[in-house]
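Participant: The structure under discussion is supplied below as structure tokens; questions concerning it will follow.
The values are calculated or read from the model by the stated rules, or taken from the named source; none is laboratory data. Keep in mind the model is a prediction, meaning the values are calculated, not measured. Please note: Cβ atoms are built from the backbone with ideal geometry, for glycine as well, and neighbour counts cover all protein chains shown.
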Amino acid sequence: IFSTSPPPVMCARPFTGTVARYDAVTGVRERKLDLYSCAVAAGEGVLWSEGLFGNKRLSTDPGELRILRDVTLPYREPVSVETTRLINRDLAVGYGSVWALGDGIDRRMWRLDRRSGRILATIELPFIPRTVAAGEGGVWVTAPVDDRVLEIDPETNAITATVLTGRGTSGVAAGAGSVWVTSTIDGTVSRIDPGSAEVVDQIDVGGRPREVAVGADGVWVTA
């Protein structure tokens with residue numbers, strides 16, 4: 001299990017942090033790497049970190065955590081205050097690739113080779129992105145302002161569906177035959193049928209659900 005730990009913005013060293021590896025059974029921390037990271041994603045034999053200073057492929061062997069690749073995603077031209085990306089928002093691993101999101105200024109997603117980090121495709125997004133998940137036949141991106149989820153076909157890199165979800169669309173996960181989307185304002189989780197790209201159930205979980213994950217015989221939601 002890998003986790004990120006960036007510090008509060010107001011601390012004395014705002015651009016420090018760690019990526020840590022934990023034993024999935026005991027929860028004991030095994031290794032850590034000093035690295036400012038906003039998100040991590042693992043799968044298909046690779047581990048990637050995303051932060052203010054680019055995307056980095058990290059080691060997955062039992063030894064020390066270390067950086068294997070360092071990739072800086074290109075900025076829009078001409079570079080200006082209106083076009084300069086502030087942060088890479090999220091990333092996911094799937095379909096032989098790493099899918100890296102831009103932000104509200106640079107509304108794009110990059111498809112990277114999962115091992116080398118080479119850019120395979122750049123996908124323009126029609127809204128401000130928040131979270132991305134890969135699985136169940138597609139790559140899924142949430143839009144917190146528009147309360148929607150966008151589906152991208154990993155075969156063509158084309159947008160194939162836009163699904164209306166609950167208010168305050170936040171996290172997304174794909175697995176167990178469905179796509180799961182949290183709605184912070186409504187306090188619900190939308191279950192989407194990936195075949196029809198339609199919401200088939202709205203689950204009231206209470207509180208303000210944000211992140212969601214699928215695994216260990218369940219769907220897990222933070223609220």
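Participant: I'd like the full set of residues that are aliphatic (A, V, I, L, M), out of contact with any Ser or Thr (no Cβ under 7 Å at 6 or more places or on another chain) and touching a residue at least 24 places away in the same chain (Cβ under 8 Å), limited to region 153-200.
Facilitator: I159, A161, V163, L164, A173, A174, A176, V179, A197
Participant: Restricting attention to region 79-94, and to residues there that are surrounded by 11 or more Cβ atoms within 10 Å (Cβ to Cβ) and small (G, A, S), which single residue is farthest from E44 (Cα to Cα)?
Facilitator: That would be A92.
Participant: State yes or no: is R66 closer than 19 Å to R111 by Cβ and either surrounded by 13 or more Cβ atoms within 10 Å (Cβ to Cβ) or modelled with pLDDT of 95 or more (or both)?
Facilitator: Criteria not met by R66.
Participant: If you don't mind, another one. Of the residues that make up region 125-137, is at least one farther than 26 Å from A161 by Cβ and of a type in the set (D, E)?
Facilitator: No, region 125-137 contains no residue that is farther than 26 Å from A161 by Cβ and of a type in the set (D, E).
Participant: When you go through (1) surrounded by 13 or more Cβ atoms within 10 Å (Cβ to Cβ); (2) under 29 Å from E155 (Cα atoms); (3) modelled with pLDDT under 90; (4) more than 16 Å from the chain's Cα centre (by Cα) one by one for F53, which number turns out not to apply?
Facilitator: All conditions pass for F53, except number (2).
Participant: Among strands (runs of 3 or more DSSP E) lying entirely in region 125-209, which contain 2 or more residues that are of a type in the set (A, V, I, L, M) and farther than 16 Å from R111 by Cβ?
Facilitator: Of the strands (runs of 3 or more DSSP E) lying wholly inside region 125-209, those with at least 2 residues that are of a type in the set (A, V, I, L, M) and farther than 16 Å from R111 by Cβ span 159-164, 169-175, 178-183, 188-193, 198-204.
Participant: Within region 28-45, how many residues are assigned to a strand (DSSP E or B) and either over 18 Å from the mean Cα position of the chain (by Cα) or buried (at least 20 other Cβ atoms within 10 Å of the Cβ) (or both)?
Facilitator: Selection size over region 28-45: 9.
Participant: Only one of A216, A161 is surrounded by fewer than 18 Cβ atoms within 10 Å (Cβ to Cβ) and either at pLDDT below 95 or among the β-branched types (V, I, T) (or both). Can you tell me which?
Facilitator: A216 is the lone residue from the list that is surrounded by fewer than 18 Cβ atoms within 10 Å (Cβ to Cβ) and either at pLDDT below 95 or among the β-branched types (V, I, T) (or both).
Participant: For region 174-196, does any single residue satisfy the condition of being crowded, with 17+ Cβ neighbours inside 10 Å, of a type in the set (D, E) and more than 16 Å from the chain's Cα centre (by Cα)?
Facilitator: Yes: one or more hits.
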